[in-house]
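Undergrad: Following this message is one structure expressed as structure tokens.
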Amino acid sequence: MKRFLKALLDLLLPSFCLACEKPLGPTPDLLFCPDCLGMLHYITSPLCPCCGRVYCKATGGDHHCGPCLAKPNHFTRARALFLYEEPMKEVIHRFKYQGKTACLPSFARFAHNLPQLAELEGADWIVPVPLHPKRLRERGFNQALLLARAFFPKDSRVTASLLIRSRPTEPQTSFNGGARRTNLKNAFDVVKPHRLAGKKILLVDDVFTTGTTVNECARVLKKAGASEVMVLTLARVKEDY
Ligand SMILES: [Zn+2]
Ligand SMILES: [Zn+2]
């Protein structure tokens, strides 16, 4: 009966590859065709154990990168599932800006059993990077919250009520370096700091670009009493290392 219903569903609601939009076979586990699946760039070692920078050209073990050695971050470690490259870049773009949330179950499957997640164990709270209410109204959803729920289904540690964006900011993509930090100055606030005291926080966001946003969130969370902040993002920008 279950198999019959699945076959009927496939007939009524055929699935398409999230990246190239080719039709997929019946009841696929992941909404990616074999070609696109083969092109996804999973993040693997060697990487920087702190910021998660990927050493694409290097061999050997993990080692701290220059920027992390020069100026430690407010978070202890940041990990991501994929490099922010095609075809994932396009899928994230459709998710974030066109509201195509069909990708979420596939993201959840990718995250399952991933070594990166094992490195981020022991969080007391899982906190999505917040959007300002104005941006939330425009977009209709916070992509970081949807990702946190996909990565940690039915997990009561996921909370969007501890950290808020109290000041609207321009998109970080409009700025470089120091201007990114200035743009985020006083942008985040902690609600109910007593719930954070001595707690280990896992911040979740869609893309780690320069890390300025998650670093500012981590600074605010730690200032409010969090003992440690870790970061998980779906994707990470590749730097030329
Ligand atoms: Zn495809
Ligand atoms: Zn680093």
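Please treat every number below as a calculation from the coordinates, not as lab data. Fair warning: this is a prediction, and the values are worked out from it, not measured in the lab. For neighbour counting, all protein chains shown are included, and Cβ atoms are generated from backbone atoms with ideal geometry for every residue, glycine included.
Undergrad: Go through region 204-210 residue by residue and turn each phi into a ³J(HN,Hα) via Karplus (6.51, -1.76, 1.60, θ = phi - 60°); whole Hz please, and just put x for glycine and proline.
TA: 10, 9, 7, 10, 9, 9, 9
Undergrad: Roughly how many whole Å is it from the C-alpha centroid of region 40-66 to that of region 67-137?
TA: If you average the Cα positions of each part, the centres end up 17 Å apart.
Undergrad: Counting other C-beta atoms within 10 Å, which of Asp62, Asp29 has the fewest, and how do the rest follow?
TA: If I rank by nearby Cβ atoms, fewest first, I get Asp29, Asp62.
Undergrad: Can I ask one more? Is the C-alpha gyration tensor of region 168-241 telling us rounded, prolate or oblate? Criteria: a/c under 1.5 is rounded; beyond that, a/b larger than b/c is prolate, otherwise oblate.
TA: Oblate, because a/c is 1.5 or more while a/b does not exceed b/c.
Undergrad: Could you give the angle, 0 to 90 degrees to the nearest 10, between helix 212-223's Cα long axis and the longest principal axis of the Cα atoms of the chain?
TA: For 212-223 against the chain, the angle is about 60 degrees.
Undergrad: Arrange the following residues from fewest to most other Cβ atoms within 10 Å of their Cβ: Leu13, Leu81, Leu40, Leu47.
TA: Leu13, Leu40, Leu81, Leu47
Undergrad: Taking the convex hull of the alpha carbon atoms in the chain, what volume per residue do you get, in Å³?
TA: Measuring per residue, one finds 144 Å³ for the Cα hull of the chain.
Undergrad: Whose amide H sits under 5 Å from the amide H of Val158, counting only residues 5 or more places off or on another chain, with H placed in the peptide plane?
TA: Under 5 Å from the amide H of Val158: Ile126.
Undergrad: Please compute the net charge surrounding Lys89, taking Lys and Arg as +1 and Asp and Glu as -1 over other residues with Cβ under 12 Å from its Cβ.
TA: Taking every other residue near Lys89 into account, the sum is 0.
Undergrad: Straight-line reach from Lys2: which lysines have a Cα under 29 Å away, not including same-chain ones fewer than 8 places off?
TA: By straight Cα distance, Lys2 reaches Lys22, Lys100, Lys154.
Undergrad: Next up: Could you line up Lys200, Lys100, Lys154 from fewest to most neighbouring Cβ atoms inside 10 Å?
TA: Fewest-to-most ranking of Lys200, Lys100, Lys154: Lys154, Lys100, Lys200.
Undergrad: What percent does the relative contact order of the chain come to when contacts are Cα pairs within less than 8 Å and at least six residues apart?
TA: Reported as a whole number, the value is 22 percent.
Undergrad: Here is a follow-up. What residues qualify as long-range amide H neighbours of Arg77, i.e. H under 5 Å apart, gap of 5 or more or another chain, H built at 1.01 Å from N?
TA: Residues meeting the amide H criterion: Val231.
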